[in-house]
Amino acid sequence: MNTQELGLEPLIGVEELAEYLGVPVQTIYDWRLSGRAPRAFKLGKHLRFAVSDVQAWLDDQHEPDRDRHGDRDHADHRRGHRDGGRHE
């Protein structure tokens, strides 16, 4: 029986996470030591990562949008156009 049949979320290992992110396996361990890695399950000596936890962690890593000048995010830029260019 697979995880989908049981209604369980897939878990991935350190190697799969490293491959997906395009970083060395050691980087995942380094990020864990510094508290910067996605949340993990420790099952005995094995680490497993829920796909949803990895996605949430990636969302947190995302840089804010920047306009073409790099000095404001898109929301500020769009607001400036809507209010006639006035900035509060």
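The values are calculated or read from the model by the stated rules, or taken from the named source; none is laboratory data. From a predicted model like this one, the values you see are computed outputs, not experimental measurements. Neighbour counts are summed over all protein chains in view; Cβ atoms, including those assigned to glycine, are modelled from backbone coordinates with ideal geometry. Accessible surface areas use protein heavy atoms only, side chains included; no ligands, DNA or RNA. Shrake-Rupley method; radii C 1.70, N 1.55, O 1.52, S 1.80 Å.
What does the C-alpha gyration tensor say about the overall shape of the stretch 1-41? Classify as rounded when a/c is under 1.5, otherwise prolate if a/b is larger than b/c, or oblate.
Numbers: a/c = 3.85, a/b = 2.08, b/c = 1.85.
Cα axes put the stretch 1-41 in the prolate bin.
Would the stretch 1-70 count as rounded, prolate or oblate if I go by the C-alpha gyration tensor, calling it rounded below 1.5 in a/c and otherwise prolate when a/b exceeds b/c, oblate otherwise?
Working: a/c = 2.55, a/b = 1.54, b/c = 1.66.
Oblate.
Note the full-extension length gain between residue 32 and residue 59 as 0.36 nm times their separation in residues minus their Cα-Cα distance, in nm to one decimal. It would help to have the intermediate numbers written out before the result.
Values: separation 27, 0.36 × 27 = 9.72 nm, distance 1.74 nm.
Going from the current span to full extension adds 8.0 nm.
Say R0 is 30 Å: what FRET efficiency, to the nearest 0.05, do residue 43 and residue 21 get from their beta-carbon distance?
About 0.90, to the nearest 0.05.
Quick one: ranking 14, 23, 51 by accessible area, 1.4 Å probe, largest first, what do you get?
Numbers: 14 5, 23 40, 51 70 Å².
These residues rank, largest area first, as 51, 23, 14.
Using θ = phi - 60° and the Karplus form 6.51 cos²θ - 1.76 cosθ + 1.60, what ³J(HN,Hα) does each residue of the stretch 21-36 get, whole Hz, x for Gly and Pro?
7, x, 10, x, 3, 4, 4, 4, 5, 4, 4, 5, 4, 8, x, 10
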